[in-house]
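Student: Just dropping this structure here.
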Amino acid sequence: MKHLLTALPLLLIPSVALAHPGHGYGLEAGFLHPFTGTDHLLAMIGVGLWAAILGGRARWALPAGFLSAMALGGAFAMNLGLGAVAQAVEPAIIASVILLGAAVALALRAPLALALPLVSLFGLAHGAAHGTEMVGNGMAFGAAMLAATALLHGAGLALGLTLNGKIARALGGVTALAGLALAFA
């Protein structure tokens, strides 16, 4: 845990914090992409952590809603060539990090009817940003990116189910603070 806390400030370095274009082609690039942007990485894990806190159907519904909306947003942006969309959705992406982190930190027990549309909206924003960045074989890139995102959701869910509640909430607080730092970076 000490090493994790020591490494957390590195996540706030602006050059690795935001989504970035020009990151390669195909399956490998798509799979690696969610791991290369701090804002995306924190949001993906945050979805899983919040799903663990909510429990029940939220454990599958929040990740599934995020993934579905992300695929839709990515396809929409990629097929329509909306390069300006990435700039427009960046505030929503940063908001997703802050709000998901806060929901985990506060152990917010929102009803699924509220949590699912919110998480789906975040997925739509992440997908739109990623869709504008896809190069080469967009289908391979997108499918691999969805698989990596699902793994990150699963990692967050596993963390939320196995960690002490105080530690999970602390991770949420760090996520929200990292989101605030990214907003002002």
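Residues checked against (1) in contact with a Ser or Thr (Cβ under 7 Å, 6 or more places away or on another chain); (2) at pLDDT 95 or above; (3) of a type outside the set (Gly, Ala, Ser); (4) part of a helix (DSSP H, G or I):
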residue	(1), (2), (3), (4)
GLY48	no, yes, no, yes
ALA51	no, yes, no, yes
LEU62	no, yes, yes, yes
ALA69	yes, yes, no, yes
ALA75	no, no, no, yes
PRO91	no, no, yes, yes
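Student: I would also like to ask the following. Going by the conditions given, is ALA95 modelled with pLDDT of 95 or more and either touching a strand residue (DSSP E or B) at 6+ places or on another chain (Cβ under 6 Å) or assigned to a helix (DSSP H, G or I) (or both)?
Tutor: Against the criterion (modelled with pLDDT of 95 or more and either touching a strand residue (DSSP E or B) at 6+ places or on another chain (Cβ under 6 Å) or assigned to a helix (DSSP H, G or I) (or both)), ALA95 qualifies.
Student: In this structure, does ALA102 turn out to be within 25 Å of ALA181 (Cα to Cα) and either assigned to a loop (DSSP other than H, G, I, E, B) or touching a helix residue (DSSP H, G or I) at 6+ places or on another chain (Cβ under 6 Å) (or both)?
Tutor: Values: within 25 Å of ALA181 (Cα to Cα): yes; either assigned to a loop (DSSP other than H, G, I, E, B) or touching a helix residue (DSSP H, G or I) at 6+ places or on another chain (Cβ under 6 Å) (or both): yes.
Yes: the conditions hold for ALA102.
Student: Also: Given the conditions (1) within 15 Å of the chain's Cα centre (by Cα); (2) over 19 Å from LEU27 (Cβ atoms); (3) aliphatic (A, V, I, L, M); (4) at pLDDT below 95, and given that ALA178 satisfies all but one, which numbered condition is not satisfied?
Tutor: Against the list (1) within 15 Å of the chain's Cα centre (by Cα); (2) over 19 Å from LEU27 (Cβ atoms); (3) aliphatic (A, V, I, L, M); (4) at pLDDT below 95, ALA178 comes up short only on (4).
Student: Does ALA158 satisfy the criteria of being part of a helix (DSSP H, G or I) and in contact with a Phe, Trp or Tyr (Cβ under 6 Å, 6 or more places away or on another chain)?
Tutor: Values: part of a helix (DSSP H, G or I): yes; in contact with a Phe, Trp or Tyr (Cβ under 6 Å, 6 or more places away or on another chain): no.
Spelling it out, it is not the case that ALA158 is part of a helix (DSSP H, G or I) and in contact with a Phe, Trp or Tyr (Cβ under 6 Å, 6 or more places away or on another chain).
Student: In segment 108-167, which residues are of a type in the set (Ser, Thr, Tyr), more than 19 Å from GLY65 (Cβ to Cβ) and buried (at least 16 other Cβ atoms within 10 Å of the Cβ)?
Tutor: Residues of segment 108-167 of a type in the set (Ser, Thr, Tyr): 120, 132, 149, 162.
Subsequent filtering for residues that are more than 19 Å from GLY65 (Cβ to Cβ) retains 132, 162.
If the condition is that a residue be of a type in the set (Ser, Thr, Tyr), more than 19 Å from GLY65 (Cβ to Cβ) and buried (at least 16 other Cβ atoms within 10 Å of the Cβ), then THR132 is the only one that fits.
Student: If you scan segment 29-64, which residues turn out to be surrounded by fewer than 24 Cβ atoms within 10 Å (Cβ to Cβ) and small (Gly, Ala, Ser)?
Tutor: ALA29, GLY37, ALA52, GLY55, GLY56, ALA58, ALA61, ALA64
Student: Could you check ARG109 against (1) part of a helix (DSSP H, G or I); (2) modelled with pLDDT of 95 or more and say which number it fails?
Tutor: Evaluating ARG109 over (1) part of a helix (DSSP H, G or I); (2) modelled with pLDDT of 95 or more leaves (1) as the failure.
The values are calculated or read from the model by the stated rules, or taken from the named source; none is laboratory data. It should be emphasised that the depicted structure is a prediction, and the values quoted were computed from it without experimental measurement. Cβ coordinates were reconstructed from backbone atoms using ideal geometry, including for glycine residues, and neighbour counts include every protein chain displayed.
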